[in-house]
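These notes concern the structure reproduced below.
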Amino acid sequence: MPQPYSGLAVDYIERNWDELLVGVDTESIRHRYHGGILDHLRAVLKVLHFMWNSSDLDSAMVELIKKYQFTLVDEKGARGYCPMSIDHLHQIFTKCRQALEDHSKPTDCLAVSLAAVMIEVGKLSSRVRVRVMESLAYAMRRMVDELVLSQEDADRVLHLVSRDFGNLETARTSDELALYMANYVASAVG
């Protein structure tokens, strides 16, 4: 990520590093262990990076399916359990395409990646979540005042961090859907 996004992301990770190493996400089933939040953040950012490097959403879906179908076959060639639903992945992509058509605003990979960092850091505790939102709002306001960031870009990040992405039905914009999908894939396959 370029500046100022990378600077903010690194700052929040460094400030909370000790807690992230031992932090436990009590809401999670798969990542409820010391360092699970940091491990999940790494997986989410890897999925987002994979998506941004794809030529479009449809090809990203096909690439994801190909990438994870290899995890379904063991050394002896026996098929195993698929950890994610391809139908659900297709629903996310279809809804994302509709959001792009409705709003004609492209998904902002920088805003989504920064929001992913802030959301995962905020999982440490409700106290940290409030602190993250307050300091992020302050940092964004300062960057807008200094003409480093547009108000629209700042609003995109703050909106993403303040939303709840536990349900596909609540996600409306392509940014929200991209973050939801990255979280879903990271939770399903790590």
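Brief remarks follow.
- Accessible area in the full protein assembly, largest first, 1.4 Å probe, for Val144, Val117: Val144, Val117
- Accessible-area ranking of Ser126, Ser59, largest first, probe 1.4 Å: Ser126, Ser59
- Between the beta carbons of Asn53 and Ser125, assuming R0 = 25 Å, the FRET efficiency works out to 0.15 to the nearest 0.05.
- Label-point gap, in nm, between Glu19 and Gln98 - each point 7 angstrom along Cα→Cβ: 3.8
- Note on surface exposure: His49, His88, His34 rank His34, His49, His88 by accessible area, highest first, 1.4 Å probe.
- Neighbour cut-off at most 15 other Cβ (10 Å), DSSP loop, GluC sites (Glu not before Pro), segment 115-176: Glu146
- The residues neighbouring Ile13, those whose beta-carbon lies less than 12 Å from its own, together hold a net charge of -3 under the Lys/Arg +1, Asp/Glu -1 convention.
- Thr170 accessible area, 1.4 Å probe, all protein chains in place, Å² to nearest 10: 50
- GluC sites (Glu not before Pro) restricted to segment 1-48 and DSSP loop, no more than 10 other C-beta within 10 Å: Glu27
- Sites Val144 and Tyr33 - FRET efficiency at Förster radius 41 Å, r taken between beta-carbons, to 0.05: 0.60
The values are calculated or read from the model by the stated rules, or taken from the named source; none is laboratory data. The structure displayed is predicted, hence computed values, not measured ones. No Cβ is skipped: glycine too gets one built from the backbone with ideal geometry, and neighbour counts run over all protein chains shown. Areas reflect the complete protein model, heavy atoms only, side chains present, ligands, DNA and RNA absent. Shrake-Rupley method; radii C 1.70, N 1.55, O 1.52, S 1.80 Å.
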